[in-house]
Amino acid sequence: AQAVVSEGKVYASGSVGCDKDFVLVPGGIKPQTRAALENLGRVLKAAGSGLQHIVKANCYLSNMQRDYVAMNEAYLEGDPPARTCVGVVALPLGADVEIECIAEVP
């Protein structure tokens, strides 16, 4: 499942920065981060929530040293939610970033 709603919260599976055909967007970490968030936003909307309702996010980076600062520059602006960022060996489709979250259903 892309998301599960339970007790007023959406538990969204990880999203990577790909298009509707599951092809990674070009340009590296910033465009992939933006696309991952757009994909996550669509999943949250379908579940009755939205990016603005995220209370906790987990970000996975395939190259923490190279991409951490740039990912932060493209990440949610304003008052971002609590977040954990972890370096991993590999991600689906060879992605640079994957983002999963928990969001409230207003």
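Readers should treat all values here as calculations from the given coordinates under stated rules, not as data from a laboratory. Computed from a prediction, not measured in an experiment: that's the story for all the values here. Neighbour counts run over all protein chains shown; Cβ positions are idealised from the backbone, glycine included.
Applying a DSSP loop filter and a limit of 14 other Cβ atoms within 10 Å to the GluC sites (Glu not before Pro) in segment 17-106 leaves 77.
Sparsely packed loop sites in segment 1-62 (the trypsin sites (Lys or Arg not before Pro) outside DSSP H, G, I, E and B with at most 16 other Cβ atoms within 10 Å) comprise 20.
Of all DSSP beta bridges in the chain, what percent run antiparallel (nearest 5)?
That works out to approximately 75 percent antiparallel.
Footprinting exposure proxy ranking of 40, 61, fewest other C-beta atoms within 10 angstrom first, gives 61, 40. Using 0.36 nm per residue and subtracting the Cα-Cα separation, the extra length available between residue 34 and residue 79 on full extension is 14.6 nm. Roughly what % of Cα-Cα distances in segment 1-53 sit above 19 Å, to the whole percent? Value for segment 1-53: 28 percent of Cα pairs lie more than 19 Å apart. Using the Kirkwood radius over C-alpha pairs as Rh, can you work out the diffusion coefficient of the chain via Stokes-Einstein at 20 °C, viscosity 1.002 mPa s, in µm² per second? Answer, rounded: 158 µm²/s.
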